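The values are calculated or read from the model by the stated rules, or taken from the named source; none is laboratory data. What you are looking at is a predicted structure, and each value in this text was computed from that prediction instead of being measured. Reconstructed Cβ throughout: ideal geometry from the backbone, glycine too, with neighbour counts over all protein chains shown. Keep in mind that these areas ignore ligands, DNA and RNA; they rest on the heavy atoms of the full protein, side chains included. Shrake-Rupley method; radii C 1.70, N 1.55, O 1.52, S 1.80 Å.
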Amino acid sequence: MAARKDDEQHPPGFGRLGTRVLEYAENVVYAGIALFLVVTALVLLVLAGKSTWTLISDVSETPVLELLDVLLLVFIVVELLFAVRTTVEKRELIAEPFLLVGIIASIKEIVVLSVEAAGAVGTGGFADRIVEIGVLGVLVLLLGVTSLLLRRKEREPDEGENVAADPERAAG
């Protein structure tokens, strides 16, 4: 029985040493990704501070948009960092943080495009921007529904679990 359990933990052709080496390499890669994401978030926060400073002297649309754009990028980077941390902790890829990154990135683009569309009223570019905003809006809805369905699935018991204990579930 112990040999079978050992076989399930280690892929064919890999012994314990091979599995440990791969796990170590995986952790090094994840640590590198996390480090770059942290540095990126810090750089973006410095840029947000610079945009805020510009906003004090120039109260116009441009610095406000730059600040919002940078802050939304910070949210995206932090969500990616959370996804890396969750992947390392649980040793499985979780889809929800990536769905949230997609939602935030889409909303970021919607905000930028809506301001650009307001400036392009009466030109040919206005219709193109409105179509892009519509497509991104549908994408946000689809990503949101997907996230909702994933959360519902997580609350449900796994298939086949407790079937023997509940004859009604087994029958129907």
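One residue alone among Phe36, Phe98 is modelled with pLDDT under 90 and either out of contact with any strand residue (DSSP E or B) (no Cβ under 6 Å at 6 or more places or on another chain) or farther than 28 Å from Ala117 by Cβ (or both), and that residue is Phe98. Within the range 151-165, at least one residue is assigned to a helix (DSSP H, G or I), at pLDDT 85 or above and open to solvent by 40 Å² or more (accessible area, probe 1.4 Å).
Output the residues belonging to the range 53-72 that are buried (at least 16 other Cβ atoms within 10 Å of the Cβ) and either touching a residue at least 40 places away in the same chain (Cβ under 8 Å) or within 10 Å of the chain's Cα centre (by Cα) (or both). If the condition is that a residue be buried (at least 16 other Cβ atoms within 10 Å of the Cβ) and either touching a residue at least 40 places away in the same chain (Cβ under 8 Å) or within 10 Å of the chain's Cα centre (by Cα) (or both), then Leu68, Asp69 are the ones that fit. Among residues of the range 128-141 that are among the charged types (D, E, K, R) and part of a helix (DSSP H, G or I), those with a Cβ under 6 angstrom from a residue that is open to solvent by less than 40 Å² (accessible area, probe 1.4 Å) and modelled with pLDDT under 95, sequence gap 6+ or separate chain, pair up as Arg129/Leu113; Arg129/Ala117; Glu132/Leu113.
Looking only at residues that are touching a residue at least 24 places away in the same chain (Cβ under 8 Å) and either open to solvent by 80 Å² or more (accessible area, probe 1.4 Å) or β-branched (Val, Ile, Thr) (or both) in the range 16-52, which one is farthest from Leu68 (Cα to Cα)? Filtering the range 16-52 for residues that are touching a residue at least 24 places away in the same chain (Cβ under 8 Å) and either open to solvent by 80 Å² or more (accessible area, probe 1.4 Å) or β-branched (Val, Ile, Thr) (or both), the one farthest from Leu68 (Cα to Cα) comes out as Ile33. In the range 73-124, of all residues being free of Cβ contacts under 8 Å to residues at least 12 places away in the same chain and under 27 Å from Ala31 (Cα atoms), the one that is least open to solvent (accessible area, probe 1.4 Å) corresponds to Thr86.
If you check Leu35, Leu65, Leu42, Leu55 for being within 23 Å of Glu79 (Cα to Cα) and either touching a helix residue (DSSP H, G or I) at 6+ places or on another chain (Cβ under 8 Å) or β-branched (Val, Ile, Thr) (or both), only one passes: Leu65.
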